[in-house]
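The values are calculated or read from the model by the stated rules, or taken from the named source; none is laboratory data. Since the structure is predicted, the reported quantities are computational estimates derived from the model, not experimental observations. Heads up: the accessible areas ignore ligands, DNA and RNA and are worked out on the full protein's heavy atoms, side chains in. Shrake-Rupley method; radii C 1.70, N 1.55, O 1.52, S 1.80 Å.
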Amino acid sequence: VETAARRPEWADAKRADDLGRLLAEALEETTTSWFGVRRSAGVRVQMRSLERRLRRLADCEAASRAQGWRTEQVEASLDGMLDLGHGMPPQRITGRIDRIDRQLGTGRLRILDYKTGDRAPDPATSHRVGRPPNHRWIDLQLPLYRHLHAAQHGLDEREIEVGYATLSAGPRGVAFRVIEKWSEAEFAEAIEKAREVVRAIRAGSFASPGPGAWADEFSNLCGEPV
């Protein structure tokens with residue numbers, strides 16, 4: 001997808017057929033660079049599967065563009081400082097954002113992280129489990145992307161949406177899924193949790209919740225609690 005997005009024609013393409021052709025050409029180019037022109041049966045099977053997913057992605061992309069969204073950056077560099085408070089020096093966090101879109105009518109940004117696999121993850125439930133106020137954070141990726149990208153470029157966090165571009169199996173597995181129902185307080189809670197994590201690491205505190213009450217020696221060996 002990144003290879004297709006770097007082509008000059010990608011920016012102006014609006015029809016699903018044109019977008020699908022560019023994605024198919026990028027897939028062929030990438031596969032050839034990795035495996036050459038003589039490919040094993042396994043590689044050919046994987047290519048057919050990818051072609052089907054990319055055709056569905058072209059449909060999603062065309063619908064997104066009809067709503068005014070355009071890809072502004074791919075593999076965008078992230079280099080921000082997370083303020084920790086308590087008189088502690090800030091923590092530098094670096095990384096790469098898969099994709100940043102802009103809505104032409106409103107100027108809003110949309111940060112997307114590509115996810116592949118058999119199941120299409122939901123970005124909201126992938127970051128925490130349970131219901132407020134008894135939920136538990138298990139991932140902080142998208143809130144950190146939002147917070148640090150806004151700080152790095154002097155933007156208003158409230159004008160940035162975050163989510164996944166899922167490329168999974170099944171008719172509904174390819175989609176753009178953003179976190180829609182979180183309040184600003186919930187995003188702020190995620191950033192505070194990130195601060196707690198960094199402060200704990202600096203203090204050398206690596207507490208583990210331990211295995212579940214149902215686990216025994218054999219389930220530990222099999223990795224079942226994980």
**Study point:** Per residue, in Å², the accessible surface of the stretch 77-150 once ligands and nucleic acids are set aside, probe 1.4 Å
**Key:** 53 Å²
Practice item. Please pull out the direction-averaged projected area of the chain, using the convex hull of its alpha-carbon atoms, in nm² to one decimal place. Key: 16.6 nm²
Review point. Hey, can you list the DSSP H helices of the chain whose Cα span along the axis is 30 Å or longer and whose average Kyte-Doolittle score is at least -0.5?
Key: none
**Study point:** Globularity ratio of the stretch 104-143, using Cα Rg and 2.2 N^0.38 Å
**Key:** 1.50
Study note, to complete from the structure: Whole-number value, in Å³ per residue, for the convex hull of the alpha carbons of the stretch 4-133 is 187 Å³
Check your understanding: Probe 1.4 Å, all protein chains in place: accessible area of LYS193 in Å², nearest 10?
Key -> 70 Å²
Check your understanding: Within straight cross-link reach of LYS14, meaning Cα distance under 27 Å, which lysines are found once same-chain residues fewer than 8 apart are removed?
Key -> LYS115
Review point. On alpha-carbon atoms, Rg over Rh for the stretch 84-174 using Kirkwood Rh?
Key: 1.02
**Study point:** Projected area, mean over directions - the stretch 23-87, Cα convex hull, nm²
**Key:** 8.2 nm²
Check your understanding: Which whole-Hz couplings ³J(HN,Hα) result when phi for each residue of the stretch 100-108 is put into the Karplus expression 6.51 cos²θ - 1.76 cosθ + 1.60, θ = phi - 60°, listed in order with x for Gly and Pro?
Key -> 10, 9, 10, 8, 5, x, 10, x, 5
**Study point:** Whole-percent carbon and sulfur share, accessible surface of the stretch 80-155, 1.4 Å
**Key:** 49 percent
